Each structure stands twice: as structure tokens, then as C-alpha cells.
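Scroll down for the structure; my scribbles are underneath it.
Values in this text are rule-based calculations from the coordinates and carry no lab data. Note that the structure is predicted; figures quoted are calculated from it, not measured. Counting neighbours? That spans all protein chains shown, and the Cβs are built from the backbone with ideal geometry, glycine included.
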Amino acid sequence: MEGGGKSGRHRWVAGLVCMVVALSLGCSRRWKREDTRTWESCCEGADACLALLQELHGPDTGEKWLPPEQACAAWKLGQVGEDVVPHLILLLRHADRRVRGGAAQALANMEEKAKGALPALLRAYEREPGGMALHALSSLDDERAAPAIVRHLLESPTSTLEHLGPTLAPVLLDVLENPESSWEELVLVRYVLARRASAYTETSVPRLRTLLARELAEPTLRRPPGTSCPSAPVPSCEAIFDGCTPRAAYVASVLAAYARRGAEAAPEALQALQRADVRLTPVALQALVAFESPAAVPEVLHQLAVPECHARALTSLASLGDVARPAATVPLLWLLATGKEGWVRARAAEALGRVGDAAALEALRQAVDAPHSEVQAAAVYALGSYAFRAHAEELVPLLQRVVTTHASPVARSHARLALQGLAEQEVRHAESIDCARIIPGRSGGWTLREGHTSVQLHWGKPKAPPRGSPCAAVRGGDSASVLEAMGEACLVGWDDGEFGGALEVHEAGRVTVLEEPQANPLRVVRMHGALVVVEGLAHMYGGAGRLVRVDSSEGRWRATPWVTLPGAPMAYALDGGGDLVVGTTNQRLDAVVCGRAGTTAPAHVVRVTEGGRLVPVEPDGRH
């Protein structure tokens, strides 16, 4: 989840492994309606697949994803020749949404062979902008679809807009450049462009830099039309997009997502910071942090002195790493020693590991045995960082002691990984238990869900919010992993595995971005009156997970990186005292997909207390 330079290859390898295994798991089995792993044997020949495409079971529930019949038939039809295109064009007008969606999906799968269907797909998109036609148009990537996409931007599926091809993707930049674009359109385009920052960097970054410079050249920063800011808004350390947010902030936010390539825009981001606009400042600062610019350090340290901004500032310092050395060392050491909450001291320790100043070594060694479990684990993580590799000789004995005797499973896990890096030695997982033990069979118990790329708790999208809920109007909510009403606000999370995600708060006329892009929100649980987001990912290096606390004060929302879990979360429950009990695994992704998660794997059951302390739970329920 860390550096972006190596992630592309790992994502590709993970995707390849998953694809091969997913296909091999079911190729020899007879196809069943509920079989979502392979569609090889669902139908043979164009006529049979066209018939299956029109086979319906029960009323339309409005589910975003196609039912098995339509999904399988669409996949098979995508492999046949152009002769089937006229039949699919006719089905684009079918009375049932599922059949229309299946026909559009089949045309999308045909790619170049479906070019003749472009006019019909455009008409289908005009009739039903929220349907599957845009997916097919995206696959064809023809510039003739651009005007329709702009016209129906707010009605189109957000997940499809994220995958526009190189010909159509610039349409989104057109919207960002257009001074007449509404606040709603800018919010949508900002999100989509930030999510697809790995694509088309060569052309996007120069264009975005030019646009940001143009916006900053205005004597008075321009804001979206039809919005107003009658009084100065309340300052915030988070990025907030509302009627007071200047257009420059949307551009700077997108540039920040480009990280290293976007670093070319550091002069423009610094100029944006110097405009001292209450809505532009946090966005510009986050962009400078993403660019690892030294110009960000003084402003981040200023944030660090504000208790409400501790979480944001500590995250930023960890991202800046040695760029913040030595200026950040003393303030971080002070927080490590005096922070009122365990998570503050823990995140300070982690940031010290990233900053890598040898002056922090002694304080981190002492913190390994601090009273709070979070601080202990974070100190071990910091000592095992690459920045302290030169001190391996003196650190290895300490890390070996942690592996064998420390009470914290997170600290032990960090120490194993550290020893592999510092001492270049393979360290076997000392404690491995049967994963079945972390899935109690009692009523209302825990559920293990296996996806092609991960093993997660209750894996799947949330239920559709009821009409009138603040979550009902969230754009792209059908692709969300988290939709949680909080009074008149809605907490929204998107998770895309190794590609990261986002955590936002949506209110009427305002969106607050709490986490982006390195977030994997899975579930929301309320414990001891606090709203906690369970985040996690099972990937090629094992499992990773954490708990993020979401709260507000004086109308400002913030996300607190609260507790680090000993692996990817698989299951959870609240015990009789209201504490959160979580089952996790450190199993590698290739072991998950090539074997079965029910076999022996590095796994833990831990209890998280109201104070954010993590306590191991024995198989019999003791701790």
C-alpha cells in the first residue's frame, strides 16, 4: 500500500494470478446459475447464448450487476463474430433492463467488432444514461460519444466514467476546464480523475498544470457558477468541496493524485497555498505533500500544533518521510512522549520511522515496551523501517526478542517483517491456527467471504439506502463499499483493493474528503458510541488492516487512524461489553487463491477496547 513506483507490477501480477486461478477453478465443472467463477459451459453457439441472454428469473430487483444468465451469455457472445451484432442491437430496446444490460455488455466485450452498433448504443445511452450502454461506448472509445457523455454526466454510472478510454477520457478534463461547469459536475469529475490518475499521465499533467496556473492568475479566485460564500467558512485541515471552494482546488486535488509525475506542478501548488484561501489551502498543502515537496514541511508542522489536525498532520509527515528531517523530529518526539491518546503516540512513532532521524532511536526503543499496545506495535514498525537499516546490528536482538516474547501480535508481525528486511533472514510464523476457529457458528455469527482478489469480512456492497436517507442521493453509491447515515450526513467509502480507495462525508452541498487514495474501507461498526470504519486488504505480501474512527467537532469531520490490525480483517463481532472482536489473517493472496482459506494460516483473534487497546483472544474466548 505504500510507494507507487512498484505497485503497477504487483497489481498486474496479482491480477494475472487471480485470472488464471479463477478460470482453472471451474473449467471442468458443469455450469450452475449461481456459479460466478467461470462461464465456459453456460451456452454453446450464438443462438443458444442469445436465448440465455433473454432468460429471466423473477422480477427485476434493480441490482447493478447482471444476473448470472445475462452475464454468462454476454461473455460468450462477446467471443463470436460480427453476425450477432444486429441481434444485440435489437435487444438494446428490450422491455427488461437486465436483457438490455446484457446486450450492451456483450457489445462491450466485442470491442472493435461492435463498431457498427455505435449509433444504436448512443440512442440507448440517451434513453437510459444510467444503464449499461455507456460501458459499451467506453469500450468502443469513439469520440462521437463525447457530446452525449458531457450532456448526461451527472446521470452516468461513476464506475463507468472511471474507465473511459484514451479518446473519451479528455472529456472529463473539458468539464474541469469549462467555467460553466456546476459544483456537482466538478465534484464528480474531481473524484473520477483522481481515481484514474495512473492512466494517460503524459497528456493530463501538462494540461492540468496549465489550467491551475490559469485559475491562480485570476485576481479573485473563481468559484462554480450559482454558488455563493456569503461569509468566511470555518477552516479545516481536510479537503472540503462546497460553494466556497474555488475551481483551482478541484484542479489541485486531481494533480495531487498524480503524485510523482504531478510533482512537476509543485510551483503551482505552492502558489495555490500562498493564496491563503480557506478552502484552497488544505487541498494545495495535500498536493505538496503528495509531491514530497520541502515547501510543505513548515505548514504541516503548523498543523501538528493544532490538536484537531493531529491525524492529518501525522499522515502527511509519514508521507513526506526524510523530506521532513530534521525539522519534524523534535515535534514528533514530543507527541510520542506526551500525546493524550494512544493513537497519537503511535502515529507519531510511525512518522518518526519514515522521517528516519537517528536521534529518535532511543525513544522508539523505549516505546516498544510502552503501556499502550498501539504505541508498542508502531515503535516496532518504525524501528524496522528502511531508514534505520544502518543500525541493524543493534536493532536485530531487540526485534528477535519481540518476535518470541512480545504480547502484541501486531508488534510480532512487524518484527518478523523487519528482521527479513534488516537481517535478510526468513522468519517463520510462530503462531498459526486453524482459520475455522475465528468463524464461530453461533446465530448472528461471523461470515467469511472469498473474492477473486481478497478474503474479507462480509465482502460486498452495502444495501441500498431507503428513500429519504442522506445516503440515497450519493452519486456512485451503487459502487460504494460503505454507505452509513450519520444524522443528515452520509459516510461513503469506495474500495478498489490494491488500487486504493476513498472515504468521504457527503452532506447537502458539501463533500469532505477524509482519506484518499490509500484507503480500503470495508465495513462500519459502532462501538462504545464511536463510529469505526474497518479497513483492510489481502494482497501478495499478506494481510493488512486497521480501524479508522470517524467523528466531528464544530461542524468539521475528521478520520482518526485509530488501531492497526494484525492482518486483513476476515470477521468481526461486538462482545457483551461492547468491545470489538476482530478475526484477521496474514495469509498471502497467492495462498488464498491457489489454496483454501480454511487451511492453516497465520491468523489472530483480537479484542479492541474502548481506549483503542488491542488484546489477543485465545481460542476458548479468554484473553
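Size descriptors for segment 310-430: radius of gyration and Dmax over Cα atoms are 13.2, 39 Å.
Here residue 213 and residue 359 are evaluated by their C-beta separation; at R0 = 60 Å the FRET efficiency comes out at 0.90. Straight Cα distances below 16 angstrom link residue 115 to the aspartates and glutamates 82, 83, 141, 142, 143, with same-chain residues fewer than 8 positions distant left out. The Cβ shell under 11 Å around residue 224 holds other residues with a net charge of -1, Lys and Arg each +1, Asp and Glu each -1. A straight Cα-to-Cα reach below 17 Å connects residue 76 with the aspartates and glutamates 34, 35, 40, 44, 47, 55, 111, 112, residues fewer than 8 places away in its own chain not being considered. Here the peptides 408-414, 239-245 are ranked by packing, the mean other Cβ count within 10 Å, and the order with the highest first is 408-414, 239-245.
Computed over the alpha-carbon atoms, segment 169-291 gives an Rg to Rh ratio of 0.93, Rh here being the Kirkwood radius from the mean inverse distance. Most tightly packed first, judged by the mean number of other beta-carbon atoms within 10 Å of their residues, the peptides 338-346, 481-489 read 338-346, 481-489.
Counted by Cβ distance under 12 Å from residue 346, the other residues give a net charge of +1, where Lys and Arg count +1 and Asp and Glu count -1. Highest average first, the peptides 552-561, 248-257, 368-377 ordered by how many other beta carbon atoms sit within 10 Å of their residues are 248-257, 368-377, 552-561. Shown is the FRET efficiency for residue 463 and residue 111, computed with R0 = 25 Å from the Cβ-Cβ distance and rounded to the nearest 0.05: 0.15. As a length-normalised measure over Cα pairs under 8 Å and 6 or more apart, the relative contact order of segment 492-539 settles at 31 percent. Taking the fewest neighbouring Cβ atoms within 10 Å as the starting point, the ordered list for 527, 570, 132 is 527, 132, 570.
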